[in-house]
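Asker: Handing you a structure now.
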Amino acid sequence: MIAALALLLLAQGPATWTAVPDTATVGDPIYLSRTLPAPPGATARAQPLSRTATLEPLADPEIARTGGLITLRYAVALFAPGAQVIRMPSVELLYADGSSET
């Protein structure tokens, strides 16, 4: 029986992550995204998600820059119905002056 994922809970402190679509059938691709402000010259280093019994990463994390924003995107599939908590890996911002921030 295929069950719908009713809700996706993303955990990484105060960060705001979105899931599209916010409801899906078990095994469907889900895209997890977060947009961060970033000054000119800053880049991001995203860590990959780890595979678990219920989560399968479908691709390496994507990083896109638009103006003063960096958007991170992860494609995943979940293999358990109901609400799921996903511990998102930290993101490291690398600045032009050589400093970094997690």
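The values are calculated or read from the model by the stated rules, or taken from the named source; none is laboratory data. All of these numbers come straight from a predicted model, not from anything done at the bench. We place every Cβ from the backbone using ideal geometry, glycine too, and count neighbours over all the protein chains shown. Surface areas here come from the heavy atoms of the whole protein model, side chains and all, with no ligands, DNA or RNA. Shrake-Rupley method; radii C 1.70, N 1.55, O 1.52, S 1.80 Å.
Asker: How large, in percent, is the carbon and sulfur part of the accessible surface of the chain at a probe radius of 1.4 Å?
Answerer: It is 56 percent, rounded to a whole number.
Asker: Got a sec to turn the phi values of segment 40-47 into Karplus ³J(HN,Hα) couplings, 6.51 cos²θ - 1.76 cosθ + 1.60 with θ = phi - 60°, whole Hz, x for Gly and Pro?
Answerer: Per-residue couplings from phi come out as x, x, 7, 10, 10, 10, 9, 7 Hz.
Asker: Also: Zone of Leu36 (label point 7 Å along Cα→Cβ, backbone N under 19 Å): which residues in segment 42-61?
Answerer: In segment 42-61, the label zone of Leu36 (backbone N under 19 Å from the point 7 Å along Cα→Cβ) covers 42-50, 60-61.
Asker: Then there is this: With N set to the residue count of segment 39-102, report its C-alpha Rg divided by 2.2 N^0.38 Å to two decimal places.
Answerer: Ratio of Cα Rg to 2.2 N^0.38 Å: 1.34.
Asker: Please give the per residue accessible area of segment 53-102, computed with a probe of 1.4 Å over protein heavy atoms only, in Å².
Answerer: The answer is 57 Å² per residue.
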